[in-house]
Amino acid sequence: MTAIVRDITARKEADKAKTLLAAIVRSSHDAIIGKTLEGTITSWNQGAERLYGYTAEEMVGQSISRLVPPGCEDEAPTLLARLRRGERVEHYETIRRRKDSRLVHVSVTISPIRDARGKLIGASTVARDISERKRAEMQFHELLESAPDAMVIVDDRGEMVMVNGQTEALFGYAREELVGRPVEQLVPERIRGGHARHRTGYQREPKLRPMGAGLELHGRRKDGTEFPIEISLSPVETENGKIVTAAIRDITERRRTEEELVLAKESALSASRAKSEFLANMSHEIRTPMTAILGYADILAGSDLSAEEHAAYLGTIRLNGAHLLSVINDILALSKIEAGKMTMESITCSPARLVGEVLALMHDRARDKGLAFEVVYEGLIPERIETDPTRVRQILLNLLGNAVKFTESGGVRLTMRMAGERLAFAVADTGIGMTAEEQVCLFHPFAQTDASTTRRFGGTGLGLTITKRLVEMLGGTIHVESAPRRGSTFTVTIDPGPLNGVPMLVAPSDMQPIPAAAAAAPVRLDCRVLLAEDLQDNQRLLAFHLRKAGAEVVTAENGEVACARVREAEAAGRPFALVLMDMQMPVLDGYQATAALRRWGYRGTIVALTAHAMEGDRERCLRAGCDDYLSKPMSGEELLTTVSRHVGRQGEPAATCTKQPLVSALGRDPELRELLAEFVTALPARVAALATAAGDLGRMAALAHQLKGAAGCHGFPAITEAAGRLEAMAKSGGGPEETQSCLRELADLCGRASAMPPPPA
C-alpha cells in the first residue's frame, strides 16, 4: 500500500481566508461588484442589492451599463483605460441608476483583478452612497448663492476653495479664476503682504468676527480698481481640516451716503450760520435807516428849524428811505429769481448807450469819493445787440456800485469788448480785494466776505447773488480775479444775440454820460378822483399830491365804501375820472371791490395800488378788472404821471398835462436828434399797422413787442410801458374793448411824442 501524504495547511489557510473575505464582502454596507474587462458582472454582494435594488440573480452575468444613466456612457472606456495602465481609481464620484429608476450619487473605488500570472482579467468596484452628502452640499451651494454678500471659503493654506456668484459679480473674476488661488488676490497689491500675516495669525486663533468689526479694509477688482469693504469671518472644522467662510460686503454706496450726510450737515450748519448773519445784517440794514427816518421826523415835528436845517433833514429822510427801499427790492428780486418768476426780454439796444447811461449814474458817486472813473472799449463793439437792457443795466450798476463802495483810493474802470461770440464787461477797481477763501462764498445768498465787511461797508449780501443769476439768465457767465489790497476785477459775459450784418464800431461815440433830461413841467389835473385806501397816513399822503396837482379827491376807507362812492357819483352825474384802488383793505378788499364794480357795469378807469411787488401781482390786478398798476412805495411824480395819462385818455379836462409833448429822454443829445426824429416820424405808421392788426392778436402782439423795444432804445419809457400792456393784452386774448382801450392809450402817447423839447415860451 502506497500512501501519499500532502501538507494542505496552506490551502486550508487560503480557503479560510477566502471564506472570511467572502463573508466580509457579503456583509459589507458598501456595494462591492466584480466584473470582467468587458463590463460583465461576475459578483454582486448584499450592499449592492441595498444600494441598487437588484438581486444577485438579476445582475450576475448582466452588463454594468445597466446601472449607468444617460449622459454617463463615456465613463466606462475612460476608467478601463486607467485600469489597464495599472492605476487604482479612488473616490470617483458619479451617478448610478437604481432598479426603480431613481438616481443615486455614489463614490466609487475601482481596483484591478489579476490572475496568478499578473494578467489583468477584471475589476472590483466598491461604491458608497453619498446622496445625503450631495444633497447637503447642494443645499449649502444654494445657500451660498442666495447670500446677498460675496461669499468666499478659504482653506488652512489661505487658498479659495469655493466662491459664489456675488463674488464673481463684485470682483469681476470668473469662478475658475479664483478657486485654488490665494485669497490675497482679492485685496490691493500694496497690502497683500500685511493681509497674509493677519490671515496667518487669525488661523492660529480663529474666532467668529461679525460684519464691520476689525480693520479698515479694501477690495481689489480684476480691473485694478479698489473699493471699501466690510468682512465677517466664520471658522469651521471639517473632516478635511479647518476652513474659514468670509462674507464680503461692498460699502461704497454707504460711504458715499455717509460723506453726503456729512457734507449736508456741514452745508446745513453753514446755511444756518449764513441765515443768522443775514438776519443780523437785515436787522442792521433796516433799523439803521428807520432810526434816522423816525429820528429826523421827530426833529422836524417838534423844533423850530431854519430853512437849511429843514431841507437837510428832509434830504436825510429821503436818502434813508431810498436805502431801505433798495434793501427790500434786493430781497424781492432774489425771491423772484429763486421762484423762477423773473423773466427776460429780448430788445434791440445799443450796448454803448447802456454803458453811457450807467456812466451818467455812477460818475458823480465816484467823483464824490475822489475816485477816477474810466470807460474803455477794446477792439470792435457791435452797434446793437438783442438782450434785456434793464437787466444789463442792473448788472453793471451793481458791479460798479460795489467797486466804488469797496474802493477808498485809486479808481474804477469799466471795459467792454467782444470775447468770442459773447459780449464782455469787465469792472476793475483798486479796492480792498479778497482772499481765495473769501471768493468761494462770494455769490452765495445772504453772504459777504465776512461780518466785518458788512459792518464796515453795509449792504445785504444779495447783490452779487442777484447779479450772477441775472447774468446766467442772459446766457452768460461771471467770474472774479482778486487779491487782498490789490483790488478786484469782475468779468461778465452775456449773449448779444445774432450779430450777422450788425456793424462793428471802434470807440462808439454814444458812450459818453447821457445828460439829464429836461425837468418835466409840473403835472396839472382838473378832475375828480376816488382814492380807496384804508391806512390814514397813506391816504393823506396820496391825497396831498393829487390835490396839489389840482384834482378833487374823494376818499374811501375800504372796498365796500369805495363801491358805494362810485355808484353815488354815477347817480349824481358827477362820475370819477379815475379810481385809485388799494388792493389790501378790510371789509371788501381791492380785488373784490374791483370785481364787484365791473359786474355792476362800471367802465371807468381803475388803477391798482399795492405793496405787493412780486412777479404775477400785476397780472392778478389786471385779471380782477384793473386797468393799471402802481406798486408802493411810489413817488408823487409816478402817481401824478399815471393819473394824468389815464385821465387824458378818457377825455377829462386835463389839457395842461395831456397836450404837452412827450419828449424823448435822449432829446438833449444833438447827435441823436436826427435818429430820434426818424423814429417819431415813423410812429403814426406803426400805430396804423397796430390798428390794422386788431383782428390778428398774434400779429398785434409781435408789432407791439417791436415798438416796446424800439421806444425804450429811443428814450420813450411811457410808450414802452403802453406797448408792453398792449402786447400782454394781445397775448392773453383780451376782449375787443380792452384791446382797443390799450391801443387808444398807445396812439395818444405816440401822437404826443417829440424828438426834442419845445423852445421856451
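Quick notes
- Whichever residue in the range 360-372 is touching a strand residue (DSSP E or B) at 6+ places or on another chain (Cβ under 8 Å) and modelled with pLDDT of 85 or more and, among such residues, is surrounded by the fewest Cβ atoms within 10 Å (Cβ to Cβ): Ala372
- Taken together, the residues in the range 168-222 that are over 15 Å from Ile153 (Cα atoms) and acidic (Asp, Glu) amount to 3.
- Scanning the range 179-202 for residues that are within 25 Å of Glu142 (Cα to Cα) and either free of Cβ contacts under 8 Å to residues at least 24 places away in the same chain or in a helix (DSSP H, G or I) (or both) gives Val179, Gly180, Arg181, Val183, Gln185, Leu186.
- Residues of the range 358-387 classified as over 36 Å from the mean Cα position of the chain (by Cα), among the acidic types (Asp, Glu) and under 26 Å from Gly475 (Cα atoms), total: 2
- Residues that are outside any helix (DSSP H, G or I) and basic (Lys, Arg) within the range 697-756 are absent altogether.
- The residues of the range 567-618 that are closer than 18 Å to Glu737 by Cα and of a type in the set (Ser, Thr, Tyr), listed by number, are Thr594, Tyr602, Thr605.
- Residue selected from the range 203-220 under the condition surrounded by 14 or more Cβ atoms within 10 Å (Cβ to Cβ) and part of a loop (DSSP other than H, G, I, E, B), by the criterion modelled with the lowest pLDDT: Gly214
- Screening the range 378-424 for residues that are under 17 Å from Leu361 (Cα atoms) and not in a helix (DSSP H, G or I) and picking the one that is most open to solvent (accessible area, probe 1.4 Å) gives Arg413.
- From Ser283, Ser326, Ser270, residue being in a helix (DSSP H, G or I), modelled with pLDDT under 75 and touching a Cys at 6+ places or on another chain (Cβ under 9 Å): Ser270
- Residues satisfying the stated conditions in the range 524-562, i.e. open to solvent by 10 Å² or more (accessible area, probe 1.4 Å), assigned to a helix (DSSP H, G or I) and farther than 13 Å from Leu609 by Cα: Gln536, Asp537, Arg540, Leu541, Phe544, His545, Arg547, Lys548, Glu560, Val561
- Qualifying positions in the range 468-503 - in contact with a Phe, Trp or Tyr (Cβ under 7 Å, 6 or more places away or on another chain) and open to solvent by 30 Å² or more (accessible area, probe 1.4 Å): Lys468
Residue-wise test of (1) surrounded by fewer than 16 Cβ atoms within 10 Å (Cβ to Cβ); (2) at pLDDT 85 or above; (3) within 15 Å of Ala127 (Cβ to Cβ).
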residue	(1), (2), (3)
Leu20	yes, no, no
Ser27	yes, no, no
Gly47	no, yes, yes
Glu57	yes, yes, no
Glu73	yes, no, no
Arg84	yes, no, no
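- Residue in the range 629-641 that is open to solvent by less than 20 Å² (accessible area, probe 1.4 Å) and closer than 26 Å to Gly734 by Cβ present: yes
- Looking across the range 589-604 at every residue that is within 44 Å of the chain's Cα centre (by Cα) and closer than 22 Å to Arg645 by Cα, the one that is modelled with the highest pLDDT is identified as Thr594.
- The single condition among (1) over 30 Å from Gln203 (Cα atoms); (2) under 60 Å from the mean Cα position of the chain (by Cα); (3) of a type in the set (Gly, Ala, Ser) that Ser107 does not satisfy is (2).
- Pair list, Cβ under 9 Å, 6 or more apart: the range 254-273 residue closer than 30 Å to His218 by Cα, other residue among the charged types (D, E, K, R): Arg254/Glu230
- Meets criteria (in contact with a Phe, Trp or Tyr (Cβ under 9 Å, 6 or more places away or on another chain) and under 19 Å from Arg391 (Cα atoms)) for Ala711: yes
- Only residues that are modelled with pLDDT of 60 or more and surrounded by fewer than 21 Cβ atoms within 10 Å (Cβ to Cβ) were counted in the range 446-467, giving 0.
- Qualifying positions in the range 735-755 - touching a residue at least 24 places away in the same chain (Cβ under 8 Å), open to solvent by less than 40 Å² (accessible area, probe 1.4 Å) and closer than 13 Å to Leu697 by Cα: Thr739, Leu743
- Applying the condition of being at pLDDT below 85 and under 14 Å from Glu345 (Cβ atoms) to the range 707-719 and asking which residue is most open to solvent (accessible area, probe 1.4 Å) yields Pro717.
- Residue within the range 618-641 that is closer than 25 Å to Arg318 by Cβ, basic (Lys, Arg), under 46 Å from the mean Cα position of the chain (by Cα) and at pLDDT below 90 present: yes
- Single residue of the range 563-581 satisfying the filter (more than 13 Å from Gly625 (Cα to Cα) and not in a helix (DSSP H, G or I)) that is most open to solvent (accessible area, probe 1.4 Å): Arg574
The values are calculated or read from the model by the stated rules, or taken from the named source; none is laboratory data. Please read these numbers as outputs of a predicted model, since none were measured by experiment. Cβ: placed from backbone, ideal geometry, glycine included. Neighbour counts: every protein chain shown. These accessible areas exclude ligands, DNA and RNA; they are computed on the full protein's heavy atoms, side chains included. Shrake-Rupley method; radii C 1.70, N 1.55, O 1.52, S 1.80 Å.
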